[in-house]
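Taking it in order: structure first as structure tokens, then the write-up.
Where a number appears in this text, it was derived from the coordinates with a stated rule and is not lab data. Owing to the predicted nature of the structure, the values given are computational and were not obtained by experimental measurement. All Cβ positions, glycine included, derive from the backbone under ideal geometry; neighbour counts span all protein chains shown.
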Ligand SMILES: Nc1ncnc2c1ncn2[C@@H]1O[C@H](COP(=O)(O)OP(=O)(O)OP(=O)(O)O)[C@@H](O)[C@H]1O
Ligand SMILES: [Mg+2]
């Protein structure tokens, strides 16, 4: 494990919107052939970080590199090996599903992609809808199309913002299997999620971000073994400890952590 | 209830102004400046036109001047009315059936009438405001030309307000009526049908009014009685456009009795129209509307014309990495019924223009030919600006929430900007060259002039498309319902005015050599002519490269604008 390369390196990254600091001095590495879970409460800065990784936003300070390519300086090379699934699948409504995937294939310079498109679409039960306009798709269908578009160009890094929102059980299963397959093929899957059970099930390492700062990062099995508890409780307790001593918020979060510790199911 | 809804809308608007930073305020200032500039130029232009009219026929035949003025004003208001009707249909479909607040309003305990009123005000504001920017300078120019003073302006503006109500009400009612019988998507398509009908109606009325005859006062010498009869022929008295004309004329002539008659007519008209809207809304408007019937169904037009193979063919001319984007750009534009209907409207206007040129009587002096052809060049410049504000300027904004796809793909910003520019400039250039070539051959001007003006029109299309892309990237407006709203956003107005000024400037540069060619009987390709052309080409190149550079810089910041503040 230790000799695996750090495919994604986030080095002291900060991001400000106007005078508001959203991310401060974030340091994070993730290696190829693994699944990294990026967790944190609402508004913690997950989406912002992810947008910086895929080159949509620029870090105000610091550097991000993918396989050695700087996301700002060598943007094209970095993007060439990255697939991105955003938190909301805004696609081009006036294209058909197939035309959208064809566009992606062309953008990444793929050759002979037709068969691969249909194989992937079949896996997600979307093959029959590929000829329809995207504006006739349901939310889940769009999400599926966006996932297929992300993995179509055989990226080395797949960045996912909330992968399972809106998906039906078969599709959710397919996504989980897909991620495990990608990992076996040496791909790094970097995903943010609020479903801690999914993180428990899939992730090798997790990072927890809170108010734009990294609160904790480490191998999942180590985190779980040390405390011998469920991830939900660990997560809640960690956040509670970061709240001000004696504050209402802290007391509330501690109570939630206790409750999570007592309950056996979610 | 209604007032709280409107207050929320207004607050939204003002917070946009308050929370803008210094740079935005600067842009706002630029915006106001440009509007002022437009106002002044439009006032001056109409002043010149009305002055020319008032001198026709001399003092003895004053009524001819009056008839000319009345004719042209009626025509002007008629065209405004037709365009307002068409624009309102588009605005109404979106405000009534696609607006994001529809579901919100439908889920609240609000009476249907309140919803309808709110929607009417919204539709009115989004479609009629342009009338209040375009018409007042013409009124001012008219008043100055006839030395009428400006005290009648409030009365004339009041009439203008009543004049806009029927078009907006009837167009909205028609939309509600259409949607009742088909899905909203089909209704959007039928707007195209209305566009075509309106274009033909304009053509027909134009023919009926035959403005070319109006501008031939030399006929006074040959068949004076017929000419005078033609001028004073009553024209569609029952349309609000002629009521508006009369209201303006009598208000400015200080004839209150006649003014109030016209105003009364307009008022009756407006009340009927508004009642029709309320009735249509009350009985036919439903918020749970079927947006598109069958998921797989393509539009009627899409089924008739296979755009995809055309787009495929064009996209193959590009390197593979870019070809996908070319395809997307073309197909997205052509599959949007709104865009398509505008295209058809423009085509109809051009056809009308060419048809009129082909019928001009040219037994007259050859210098008039040159002047008419030159006016035509100016018109083409104007047309290109008008087309680009619909098709070029909105392109960057339309990416909006889907921009993540391009921003996270390995696309070079330079290639992307050039591609957007190319997709805009190529059809515009072909379009304007065709008009120039066709009309010059109809008019029968020499090769030298044709060549010079083809070069001038290529320079104009290039620079104007580049400006559209540049301003489109620097002053985008996201979260808009349709192209119509994007082109009437501050950025769209800045672009429209800047491109009009640029086209005007280009024409001005060419005036001197054209004058020489017309009256000096020299070739256009003299030292003066070539210098003027060179200035035109160089200024076009400078504007094009500056605009594309701006676009590229703004491209880098584009996602920050979408996702950041
Ligand atoms: N465009 C913006 N302008 C200003 N602040 C923003 C903007 N977008 C996000 N923020 C702020 O940045 C912070 C982080 O937002 P982000 O979307 O990254 O959170 P997140 O961790 O993805 O949250 P969620 O779990 O709800 O998706 C939030 O406090 C949010 O208010
Ligand atoms: Mg998020």
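At an R0 of 51 angstrom, the distance between the Cβ atoms of residue A:90 and residue B:451 translates into a FRET efficiency of 0.60. Enter the angle in degrees (range 0 to 90, nearest 10) between the Cα long axis of helix A:139-151 and the first principal axis of the Cα atoms of chain A, meaning the one along which they spread out most. Between the helix axis and the principal axis of chain A, the angle is about 80 degrees. Cα axis of helix A:169-184 to longest principal axis of chain A: angle in degrees, 0 to 90, nearest 10? Approximately 90 degrees, to the nearest ten. Label separation (residue B:414 vs residue B:3): 6.0 nm, computed from points 7 Å beyond Cα along the C-beta direction.
Inter-chain Cβ neighbour count for A:133-145, averaged per residue, equals 2 (cutoff 10 Å, partner chain atoms only). Legend: calculated FRET efficiency, residue A:16 to residue A:185, from the Cβ-Cβ distance at R0 = 56 Å, rounded to 0.05, equals 0.90.
For chain A, divide the Cα radius of gyration by the Kirkwood radius and give the resulting Rg/Rh value with two decimals.
0.98
Full extension of the chain between residue B:433 and residue B:98 gives 116.8 nm of extra length, using 0.36 nm per residue less the Cα-Cα distance. Between the beta carbons of residue A:244 and residue A:6, assuming R0 = 41 Å, the FRET efficiency works out to 0.75 to the nearest 0.05. Taking Cα atoms only, the orientation of helix A:231-242 departs from the longest principal axis of chain A by about 60 degrees.
With the simple spin-label model, which puts each label point 7 Å out from Cα in the Cβ direction, the residue A:194 to residue A:165 separation comes to 0.8 nm.
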